[in-house]
1. How far apart, in nm, are the 7 Å Cα→Cβ label points at residue 158 and residue 9?
2. Could you check the spin-label model distance between residue 258 and residue 73? Points 7 Å from the Cα along Cα→Cβ, value in nm.
3. In degrees, nearest 10, range 0 to 90: what is the angle between the Cα axis of helix 115-124 and the longest Cα principal axis of the chain?
4. Treating the angle as unsigned and between 0 and 90°, give the value, to the nearest 10°, between the Cα long axis of helix 208-220 and the longest Cα principal axis of the chain.
5. Could you check which residue among 188, 216, 236 shows the biggest mean-square fluctuation in a GNM of the chain with a 10 Å Cα cutoff?
6. Quick one, can you get me the convex hull of the C-alpha atoms of the chain expressed as volume per residue in Å³?
7. With n ≥ 4 as the cut-off for DSSP H runs, can you work out [θ] at 222 nm for the chain, using -39500 (n - 2.57) per run divided by the number of residues, rounded to the nearest 500?
8. Quick one: grab the alpha carbon gyration tensor of segment 116-160, order the square roots of its eigenvalues as a ≥ b ≥ c, and give me rounded if a/c is under 1.5, else prolate or oblate depending on whether a/b is larger than b/c.
């Protein structure tokens, strides 16, 4: 079983949360609403440059890189929250230090394109949280916000009633994120170890044949056989073509023969009720449809 990472800095009422935008530009109103909610319990900091926009990025690579480096290095900051996903985090990876992330030992919060940073945190041996980002929190309902708060403050979570693809039991360190971003890291020095891990995957806007291609690449590259189990989240906006093959069909066909426990239908990803998951912590997967994350 993959060894779990130590708990990062404790997050509680009054903790200092720094917000960064390492990827795409965001909707200011939703962002401001998310910040307002967070400030009911935490101290929230961000640089005004976060509102920048350059094409599809939240400002230049240099701006986004410095912003992230500054909060990693700031000793007063307890956790790093991302404003939104989009695209752009992978462009920053060559200039981000694994050693600095490890020494800072700060929780990272985000998903989607932030998967590139989850991979960096995993390489550093530091926990990170796959969860709604600040802009999404601005639009989220009370249940999603409550779940987010419980997980960031260290509460273990359990789910039942998921759909079995392959039965069995597995335990390991939880890792994962967006399938497309994982595949974009293949062949780079930024792909973390999956040995003995429980792998979580989700995606949005990818047609069934594209999901097939990405999973096939991971399988043929030898990565999937290293996992102890797989949890499949939401795969949205990937409608079947005229051939009638669905993303669900692809997931079952490609992953059902791995010989490890696989469940699908986990309520996390690009959906309104996006459940929060703690990466780097322990996960217990029951192929009959249960998941425990601590």
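Taken together, the values in this text are just the output of simple stated rules run on the coordinates, not laboratory data. Note that the structure is a prediction, hence the values are computed from the model and not measured. Note that each Cβ is placed from the backbone with ideal geometry, even for glycine, and that neighbours are counted across all protein chains shown.
1. Distance between the two pseudo-spin positions: 3.2 nm.
2. Roughly 3.9 nm, to one decimal.
3. Computed tilt is about 80 degrees.
4. 90 degrees
5. 188
6. In the chain, the Cα convex hull volume per residue is 119 Å³.
7. Using -39500 (n - 2.57) per qualifying helix, the result is -8500 deg cm²/dmol.
8. Oblate, since a/c reaches 1.5 and b/c is not below a/b.
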